[in-house]
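One structure is given here, and the rest of the page talks about it.
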Amino acid sequence: MKNNKILILSLLMIVSNISFGQNPIVRNQFSADPTARVFNGKVYVFPSHDIPTPPNKNLRKDWFCMADYHVFSSENLTDWTDHGMIVSQNKVNWVDSFSYSMWAPDCIERNGKYYFYFPANKNIADANGRKGFGIGVAIADKPEGPYIPQKDPIKGVNGIDPNVFIDKDGQAYLYWAQGNISVAKLKDNMTELASEPQVIDNLPQKGLKEGPFLFERKGIYYLTIPHVENKIERLEYAIGDNPMGPFKMAGVVMDESPMNCWTNHQSFIQYKGQWYLFYHQDAYSPKFDKNRSICIDSLFFNADGTIRKVLPTLRGVGVTSATAKIEIDRYSGKSQTGTSIAFLDSVNTFKGWKTILNNKGAWVKYNSVDFGKKKLKSILVKALSESGSILQIHLDKVDGPMIAEVKVPKGTNWNTVETKVSIQQTGIHNMVVALKDSPTEIDWIQFQ
């Protein structure tokens, strides 16, 4: 019965087609293995889709369970639209429809067509008697779909985590994982190999490596991989001057997850002049890291082309409108003591988090709030304080101009309090929420 409730809840969460900024960026379903692409001036993300293991299925309860794919898009990296399911294990001719093994995908555009690459367990054995993983292709006229899966997987490829790169000369390459990382050229039809697969040399021999993603910047080819150097995956990269190598290991993009998620998976894009790293964590499922959620953080390069290590953040990227519900639990800074976050509902984690300010003077900062051009007159705060409290809202920094002082009434229930803004502001600013006296829990803040 419990599994049935969890599954129904997950399906209900998918009904909404709008997700939100901040990390994780998809906040109504589990998502993992994000491949981000820029198509037609928008960012599209093609992740895998973790779900709770369906009841009455002969499946491992402690393993990944993935039956389909969605695609998400955004123009501002803050507001994300879910365009719905684009490929399902039940509608691909060669896929075992009971395997729930639709792992990390990719998508790329060529000549006005969109080619979606995905791994899955095959339902029939090949000439050598092997089933295992194949990599299929589904084709669409638009990034959102509809996608039409090809009848058969790509011949000569057995593995997972496909990644496709098209070089400046128009040659396309397919990368995938199967113990090692392999590469082969693709024909112009993007569905057949144009060369024999070859294993990429000089990558770590010890520890699992998977999830290749290759990109080029200023003549340097970056081959990135998740790799288990110690106990869980971290994101590493190698550099070379040719898409097929040789490559030389160059460093770490992101260390092992502070949330202790066993896997990670990455993609890189440049959008409106800024580079971004897409990856995943287990933010909504800290006790079961096979249900993951995708995140974004900004990426920077050193003068010599090496990548600066990315520290995962709660705030993520993008600008938040002051008239939206600002969830300050996704903070960009906080006081060293007296500030913590917790789930609003530990059973339904998709309800998100709350900020807990315990000590007088405790504070949180939330950056890049857009107050717009029209002066806003009031502020709404959803909060709870058993003893009653006063919150002070500042602009830019802890001792910056105070734009409102909010009195939270005494009680054990959540209250939405409206207070006039004392200093009206326009433009983009940081916002700091500080506690004047008694402990308080905060859900969200919104200006009007």
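For the reader, a short list of remarks on this structure follows.
- Selection within region 28-49 - of a type in the set (S, T, Y) and in a strand (DSSP E or B): T35, Y44, S48
- Test: residue in region 434-448 that is in a helix (DSSP H, G or I) and within 26 Å of T313 (Cβ to Cβ): no
- Considered as a group, the residues in region 76-113 that are aliphatic (A, V, I, L, M) and in a loop (DSSP other than H, G, I, E, B) include one that is surrounded by the most Cβ atoms within 10 Å (Cβ to Cβ), and that residue is A104.
- Residues in region 61-115 that are aromatic (F, W, Y) and closer than 16 Å to A138 by Cβ: Y69, W94, W103, Y114, Y115.
- Comparison of I328, I341 shows that the only residue that is part of a strand (DSSP E or B), of a type outside the set (G, A, S) and not assigned by TED's automatic domain parsing to the domain that holds I225 is I341.
- Condition met for G338 (under 30 Å from K272 (Cα atoms) and at pLDDT 95 or above): no
- Within the option set I200, I181, being in contact with a Lys or Arg (Cβ under 7 Å, 6 or more places away or on another chain) and closer than 25 Å to N264 by Cα holds for one residue only, I181.
Conditions tested, residue by residue: (1) touching a residue at least 24 places away in the same chain (Cβ under 8 Å); (2) surrounded by fewer than 19 Cβ atoms within 10 Å (Cβ to Cβ); (3) in contact with a Cys (Cβ under 9 Å, 6 or more places away or on another chain).
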site	(1), (2), (3)
G207	no, yes, no
I220	yes, yes, no
N242	no, yes, no
G245	yes, no, no
K248	yes, yes, no
V252	yes, yes, no
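- Residue satisfying all of: in region 32-59; among the small types (G, A, S) and farther than 16 Å from N291 by Cβ; surrounded by the most Cβ atoms within 10 Å (Cβ to Cβ) among these: A36
- Any hit, region 209-216, residues being without any contact (Cβ under 8 Å) to a residue 40 or more places away in the chain, in a strand (DSSP E or B) and surrounded by 20 or more Cβ atoms within 10 Å (Cβ to Cβ): yes
So that you can scan it fast, the table gives a plain yes or no per residue for (1) farther than 23 Å from I269 by Cβ; (2) at pLDDT below 95; (3) part of a strand (DSSP E or B); (4) touching a Ser or Thr at 6+ places or on another chain (Cβ under 6 Å):
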site	(1), (2), (3), (4)
A120	yes, no, yes, yes
G129	yes, yes, no, no
G134	yes, no, yes, no
D161	no, no, yes, no
F165	no, no, yes, no
G170	no, no, no, no
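- Counting only residues that are touching a residue at least 40 places away in the same chain (Cβ under 8 Å) and assigned to a loop (DSSP other than H, G, I, E, B), region 344-361 holds 7 of them.
- Selection from region 391-425 of residues that are within 16 Å of I356 (Cα to Cα) and buried (at least 16 other Cβ atoms within 10 Å of the Cβ): L391, Q392, I393, V406, V408
- Of all residues in region 362-380, those that are surrounded by 14 or more Cβ atoms within 10 Å (Cβ to Cβ) and either outside any strand (DSSP E or B) or touching a helix residue (DSSP H, G or I) at 6+ places or on another chain (Cβ under 7 Å) (or both) total 4.
The values are calculated or read from the model by the stated rules, or taken from the named source; none is laboratory data. Being a predicted model, the structure only gives us computed values, none of them experimental. A quick note on method: Cβ atoms are made from the backbone with ideal geometry, for glycine too, and the neighbour counts reach across all protein chains shown.
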